[in-house]
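Input: a single structure, listed below in structure tokens.
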Amino acid sequence: MSYDPLEKKFSPDMERAKDKILAAGAEVPRGDVNFMLEAIIASSPLAIIVADNTNYVRIWNPAAEQMFGWREEDVVGKLLPVVPDGKFTEFADIHAAVKRRDAVIIKRTQRQRKDGEVLDVSLSVAPVLDGGNNIVGWVKIAADITEHLRGEIRLRESEEKYRAILENMEEGFHEVNLRGNFTFFNKSFARIMGYSGDELMGMNYRHYAADEANRQAVYAAYNSVFQTGEPLESFTWDIVRKDGMRRTVEVSTSLIRDMDGQPLGFRGIVRDITERKASVDRLRKTLGATVQAIASLVETRDPYTAGHQRRVADLARAVATEMGLPRARIDGLSMASTIHDIGKISIPAEILSMPRKLTDIEFGLIKSHPQAGFEILKDIDFPWPVARMVLEHHERLDGSGYPRGLKDDDVLLESKILIVADVVESMASHRPYRPAHGLDAAMKEIAANRGVLYDPDVVDACITIFRDKDFRMT
């Protein structure tokens, strides 16, 4: 079945097909098949061009007008105007194939607009046959793929830049599937892990995890990302390199999703922090030793409270752990608790060891020690707000504390824990001016003033560790 573009009518076999359509009951009036074909050509979003054997244009649809810039009346009956220089060989090859009655599809070639712009097009060419199976012309269908190809070029350039950035990163970049097997990584990652690229590809994280505890930690981290969909900014774990060396790495990771949002795997950044961790550990030990020396200095001024700061630090750490505070915050609280009375070095020793009840003036001096401690510590660059915790350790939720009369929301959570720990240890221990009240009295005090003077959550955690966790101050 074919349409004769020279006569603009259907060949006999098409007419017979039309008769069959009508005989089958299709509601198409006789003679309207020509109209249907013309409507299809006119409404096609693709450029449709029909030329005769001499390459003279016979049909030029609106899409061709829009694509190439020539109107129908400018080109019908004339030679094809859209073949740019250098494409005539291709043009001849197409016609040679079509003459063999082979349809030809070219995924990318070029054609020229009236204004001279050269377009990238996808082109298909097929022969038009008459009723005697003779070639009377060609049908050419073209789609403008210029923007598509430009997009591909931009995407390729972007991918090349992305890959170049990844390959030049000092940090290791990696991608794994949902089973934890590597699917992509950069050179830095292979260097950190100590394996070649071929050895790493497809390797599972369990292969190089230092031990089972580290395997479980990694599984928990990635499972959290999978379950919540939220990136994990940082977690650390130990690996064993191919050479047997144990290293500590810091990892940040996020989900890889497909176009439908379904998880495909994980991607992340890895940093070797072994040396940094060792340096931090050394600094922490040095800082800890310095703080202990300061605490000992305070105790030489106030021998009757020797061990008070250490016991307060132990209790504060236990309460904070029960409340679920992160380790970093607990470490800062422990540090502040260990030296929370450092301001007492500014108070005369005879007042600190006075065996009688203090006068108002003497107690006023005692009440100055949180501020004095703050002044001593405020310029030291601790990784935690140690000076502020020392300043606030005698404040109360209702504003009745000192030195600033702060209320609930103005006091750090760590300070609230230190407040309760200080009260409990002080009441449970002997003082020069009174005997020990005992632990039971201390528990009654914080329970009675829960939510009034002391933070409710801190009080509950403190009571729990003594009642249910068998905590002891020693």
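Taken together, the values in this text are just the output of simple stated rules run on the coordinates, not laboratory data. Just so we're clear, the structure is a prediction, and the values are computed from it rather than from any experiment. Cβ coordinates were reconstructed from backbone atoms using ideal geometry, including for glycine residues, and neighbour counts include every protein chain displayed.
PRE reach from LEU79 (point 7 Å along Cα→Cβ): which of the stretch 47-70 fall under 16 Å by backbone N? The answer is 51-58. If you look at the Cα atoms of the chain, you get an Rg and a Dmax of 42.1, 129 Å.
The alpha-carbon of LYS285 sits under 13 angstrom from the alpha-carbons of these aspartates and glutamates, leaving out residues fewer than 8 places away in its chain: ASP331. Take each peptide in 183-192, 206-215, 285-294, count the other Cβ atoms within 10 Å of every residue, and average; sorted highest first, the result is 183-192, 206-215, 285-294. Residue-wise HN-Hα couplings along the stretch 245-262, as the Karplus relation 6.51 cos²θ - 1.76 cosθ + 1.60 with θ = phi - 60° gives them from phi, are 6, 8, 10, 9, 10, 10, 10, 10, 8, 8, 6, 9, 10, 8, 4, 8, x, 7 Hz; Gly and Pro carry x.
Annotation: amide H-H contacts under 5 Å for VAL128 (H modelled 1.01 Å from N, sequence separation of 5 or more, or interchain): VAL136, GLY137, TRP138, VAL139.
Sequentially through the stretch 376-384, phi angles give Karplus couplings (6.51, -1.76, 1.60; θ = phi - 60°) of 5, 9, 4, 9, 7, 7, 6, x, 9 Hz, Gly and Pro residues having no value and appearing as x.
Backbone amide hydrogens, once placed in the peptide plane, bring ARG431 within less than 5 Å of ALA436, excluding anything fewer than 5 places away on its chain. Placing unit charges on the Cβ atoms of the charged side chains and taking the dipole of the chain about its Cα centre, the candidate lying farthest along the positive direction among LEU325, ILE361, ILE294 is ILE294. Helix 12-23 and the longest principal axis of the C-alpha atoms of the chain enclose an angle of approximately 60°.
Listed cross-link partners LYS161/LYS187; LYS187/LYS277; LYS416/LYS469; LYS114/LYS161; LYS367/LYS416; LYS357/LYS378 are compared with a 25 Å cut-off, the Cα-Cα value being larger for LYS114/LYS161; LYS357/LYS378. Taking Cα atoms only, the orientation of helix 413-428 departs from the longest principal axis of the chain by about 20 degrees. For the chain, the residue among VAL121, ALA42, THR253 whose Cα projects farthest onto the positive side of the dipole built from Cβ charges is THR253. Provide the FRET efficiency to the nearest 0.05 for the SER158-MET201 pair, computing r from the beta carbons and using R0 = 22 Å. Approximately 0.35, to the nearest 0.05.
Less than 5 angstrom separates the built amide H of ASN186 from those of PHE173, all sequence-distant by 5 or more or on a different chain.
Bridgeable aspartates and glutamates around LYS344 (alpha carbons under 16 Å apart, same-chain partners fewer than 8 residues away excluded): GLU299, ASP302, GLU362, GLU375, GLU392, ASP422. Helix 308-323 and the long axis of the chain differ in direction by around 30°, with both axes built from C-alpha atoms.
The phi torsions of the stretch 396-412, fed into the Karplus equation with coefficients 6.51, -1.76 and 1.60 and a -60° offset, translate into couplings of 9, 4, 8, x, 8, x, 9, x, 10, x, 5, 10, 2, 5, 8, 10, 4 Hz, rounded to whole numbers, with Gly and Pro shown as x. Placing +1 on the Cβ of every Lys and Arg and -1 on the Cβ of every Asp and Glu, with nothing else charged, gives the chain a dipole about its Cα centre of roughly 980 debye.
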